[in-house]
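One structure is given here, and the rest of the page talks about it.
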Amino acid sequence: MAEVDEIVKRLQAQKGVEGVIIANSEGIAIRSTLEDQHTVQYVALIQPLLVKAKKMLQEMDPSDDFTYLRVRTEKNEIIITADKEYFMVAIQKPAP
Amino acid sequence: HLKSAELKEEITRVLNANNPHAPKNLVRYSFKERVYKPVTAVDHLAVHFALEGNLLHKESDEARRLTIFQLPPGMSAIKNPGVLIWTTTPVEDGGESEETGDEDKPRSASSKRRKREAKITNQFNFSERAGQTRNNPSRERSCQTEPPPRITFSDSANQWEIYDAYLEKLQTQDSIEKKKKSTVEKKEDFDVKKKSLLDSGSEDVTQVAEVAKIIERIVIQNTMDDIAQDFKYFEDASDEFRDQEGTLLPLWTFQYEKARHLSVTALCWNNKYQDLFAVGLGSYDFGKQAGGMLLFFSLKNSAFPEHIYPTASGILCLDIHPQLSYLVAVGFYDGCVAVYNLKEQTRDPVYKSTASTGKHTDPVWQVRWQNDDMDNNHMFCSVSSDGRVVTWTLVKNELMSSDIIRLSVKGAPSDGSEDSQMTAVSHGTSLDFHKQIDYLFLVGTEEGKIYKCSKTYSSQFLETYDAHRMPVDTVKWNHFHPRIFISCSSDWNVKIWDHTIKTPMFTFDLGSPVGDVCWAPYSSTIFAAVTIDRKVHVFDLSINKFEGICHQIVVAKKIRLTHIEFNPIHPIIIVGDDRATVTSLKLSPNLRKKPKSKKGQELPKGSEAEVLKMDRLLALLREPELD
């Protein structure tokens, strides 16, 4: 547990990182460096996206596995990684 | 419209004296029975108008009091039976007053009488005395406490809210049960203690460690995007115009804050995962020894090491097993050697030599893995200033985590054969095994000599080379050519030797003590060296036999470079310095030239070509020598 917390701390300290969220498969955020309202929003909206992405990969190639998903927007970049039980979101402002 | 029959219907109406506004179902709480009981008798009195009057009966107490005290001058009471009326006309009081006539007199008489009537006191002997005590001054004392902090909390409680709350509670309970089931499966990973102490939310967060690592790498790559792009794709185009010289492009720097006071004493790339390298940290300052650290960095994450192993004594050398890349042999300043297994979760070595198992009595300067011995046990060799070259064999590994290493002291190449007066044990400072010939190895010493030894001959050297005037910091066999090796020393020289010839083939004076030298893995004629004056020198003998093709300062002032290593596949080198920082540099194209083939000729295989290249060079040299 402590090392994950350390990683979250380090991530938050990195340049440009706006927030880090860890949530479980049911959509409950366990760790978050953003305020509650934003966290809940992100988690609620990202979860179905993740489900879709995983499903898509499964259908295309059943032997393949989901590693991460990057959503690059004009303002920042949202990085989503997931494993069986949890998924983790990091929001970063890309380097200019 | 009503029908005529209904019109003729008689309807009785009853008039009663009930008050229509009186309540019909009054209920009163009965404390005796603790029940609300209906009141049966309801008052039907309706008051329509009420006016309070101010008439008093003359004989009543209140009236008498009022007559005595409140009769104003000029007014008198008219004696009328029953009713007392005040009038304003002065009336003679006939028989009661003694004085007559004036209007004033009856007034004063009446007032006197009033007074007299008021106080019936003893006319002759009456004195009134009154006294008053001092009133105690009243003081107000009050105390006020800080009111407890208050928050107004408001919420609505209706059926929806209640239902939602119950649902949520159900959900969390379900999730807790699920988590308990999943953690029971993974029992071997967690301590039983940990499970009971941590709450359900956080104990499972350890599983996120893997994804967390991925995210960390991505985030860091985003930040250092340009460096990553340079690493992969940038090729310095100006090399075409630069004659034959090349440059080094700085890429990432790797540091760890907790190790800032240490120097990099060893570097080693991992053969299997070519982005992973090991850094050994310790101190070359013999007066101050402050512990050490073994760090593993990956090129994919330059901000934080992948593995950290703190050690009690400073590390001076390390080697990663060429095939089993999770085994790392480490030599310490205090003479111990240890083997770490990266797969294990502990921070301790899986093997460590102790005084009883024959550890060195002086710092261990070099360790090198060997091929497995006959029993398929892993072996490595170490050299130390105490003059011993020792082979260590790992037995009882894999299943049993035993701390004992059984070793067999192999060669003891001491120089005492010639000088019998002083026990001149030569202090070994570097070691390297031949790439192809298993038993052949070189030892460099503090006196500047290099000995060629064989594992089979334990008492004699095969050859002695008077290499340098100061300790030989590094000896390294060439990766391709079987006869060539290179040595460097603090006497500013780098020398290249053919092991069959006692004098060096090439000598380069670099103008500053040389910390380390290293052959390039892709060419037999390229090598790089680092000097204390912050420079990295790259030489390509096939291009220029006398001078290097790159001399570049790579660190800031007052930082000394200590070690250098080439990456097995990528065109980068890592350089360690005495501030516990490892800098990675990319070699420009001129530094990576492969032998050109003429058109029509078959391209010979890589290593053969390299050997050929070297042979050609040596042939050029040897001809004048023969003369």
Item checked: Only Lys, Arg (+1) and Asp, Glu (-1) charged, at Cβ; segment B:467-573 dipole about Cα centre in debye -> 180
Item checked: B:GLN159-B:LYS32 pseudo-label distance in nm [points 7 Å out on the Cα-to-Cβ vector] -> 4.2
Next item on the list: Within 10 Å of each residue's Cβ, count the other Cβ atoms and sort A:ILE28, A:ILE91 from fewest upward.
Entry: A:ILE28, A:ILE91
Checklist line | Sparse-neighbour loop sites [trypsin sites (Lys or Arg not before Pro); segment B:323-389; at most 10 other C-beta within 10 Å; DSSP] | finding: B:LYS343
Check: Can you list the HN-Hα couplings for segment B:514-521, worked out from phi with the Karplus curve (6.51, -1.76, 1.60; θ = phi - 60°), rounded to whole Hz and with x for Gly and Pro?
Finding: 8, x, 7, 9, 8, 7, 7, x
Notebook entry, point to check: Counting only residues 5 or more places away or on other chains, whose amide H sits under 5 Å from the amide H of B:LEU316 once H atoms are built in the peptide plane?
Noted result: B:GLY331, B:PHE332, B:TYR333
Check: Taking R0 as 45 Å, what's the FRET efficiency between B:THR507 and B:LYS232 from their Cβ-Cβ distance, rounded to 0.05?
Finding: 0.75
Check: In square nanometres, what is the average projected area of the Cα convex hull of segment B:222-299?
Finding: 7.8
Margin query: Give me the mean projected area, in nm² to one decimal, of the convex hull enclosing the Cα positions of chain A.
Written below: 6.8
Notebook entry, point to check: How much length is gained if the chain between B:ILE553 and B:THR500 is pulled fully straight, taking 0.36 nm per residue apart and subtracting their Cα-Cα distance, in nm to one decimal?
Noted result: 15.5 nm
Checklist line | For segment A:63-70, Karplus couplings with θ = phi - 60° (6.51, -1.76, 1.60), whole Hz, Gly/Pro x | finding: 7, 7, 10, 6, 9, 8, 10, 10
Margin query: Taking each residue in B:225-236, count the Cβ atoms of any other chain within 10 Å of its Cβ, then average. What number comes out?
Written below: 0
Checklist line | Simple Cβ-charge dipole of segment A:1-95, Lys/Arg +1 and Asp/Glu -1, about Cα centre, in debye nearest 20 | finding: 320
Checklist line | For segment B:275-348: span of alpha carbons on each principal axis (Å, largest first) | finding: 36, 26, 21
Notebook entry, point to check: So what are the ³J(HN,Hα) numbers for segment B:531-547, from phi and the Karplus equation (6.51, -1.76, 1.60; θ = phi - 60°), rounded to whole Hz, Gly and Pro as x?
Noted result: 10, 5, 7, 6, 9, 10, 10, 10, 10, 10, 5, 6, 9, 9, 7, 10, 10
Checklist line | Restricting segment B:494-586 to trypsin sites (Lys or Arg not before Pro) in coil, as DSSP defines it, with at most 16 other Cβ within 10 Å | finding: B:LYS502, B:LYS545, B:LYS557, B:LYS558
Check: Given R₀ = 41 Å, FRET efficiency for A:ASP61-A:HIS38 by Cβ-Cβ distance, to 0.05?
Finding: 0.75
Notebook entry, point to check: Spin-label point model (7 Å from Cα, Cβ direction): what's the B:ASP372 to B:VAL395 distance in nm?
Noted result: 1.6
Notebook entry, point to check: In the structure shown, do any of B:LYS272/B:LYS476; A:LYS93/B:LYS343; B:LYS178/B:LYS352; A:LYS55/B:LYS300; A:LYS15/B:LYS181; B:LYS545/B:LYS586 have a Cα-Cα gap over 31 Å, and if so which?
Noted result: A:LYS93/B:LYS343; B:LYS178/B:LYS352; A:LYS15/B:LYS181
Notebook entry, point to check: In what order do B:TRP252, B:TRP365 fall by count of nearby beta-carbon atoms within 10 Å, going from fewest to most?
Noted result: B:TRP252, B:TRP365
Note to self: Using amide H atoms built in the peptide plane, which far-off residues or other-chain residues are under 5 Å from B:THR311 H to H?
What the structure shows: B:GLY292, B:MET293, B:LEU294
Checklist line | Cβ-Cβ FRET estimate between B:GLU463 and B:GLU240, R0 fixed at 56 Å, reported to 0.05 | finding: 0.80
Check: How far, in nm, would the chain grow between B:HIS307 and B:ALA619 when pulled straight, counting 0.36 nm per residue and subtracting the alpha carbon separation?
Finding: 107.6 nm
Notebook entry, point to check: Between B:TYR439 and B:THR67, what length in nm is gained on full extension when 0.36 nm per residue of separation is reduced by their alpha carbon distance?
Noted result: 119.5 nm
Check: Check A:LEU34: other-chain or 5+ apart residues with amide H under 5 Å from its amide H, H built from backbone geometry?
Finding: A:VAL20
Next item on the list: Going by C-beta contacts inside 10 Å, put B:HIS499, B:HIS21, B:HIS378 in order with the fewest on the left.
Entry: B:HIS21, B:HIS499, B:HIS378
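Each value in this text was obtained by applying a stated rule to the coordinates, not by laboratory testing. Computed from a predicted model, the values in this text were never measured in an experiment. Cβ coordinates were reconstructed from backbone atoms using ideal geometry, including for glycine residues, and neighbour counts include every protein chain displayed.
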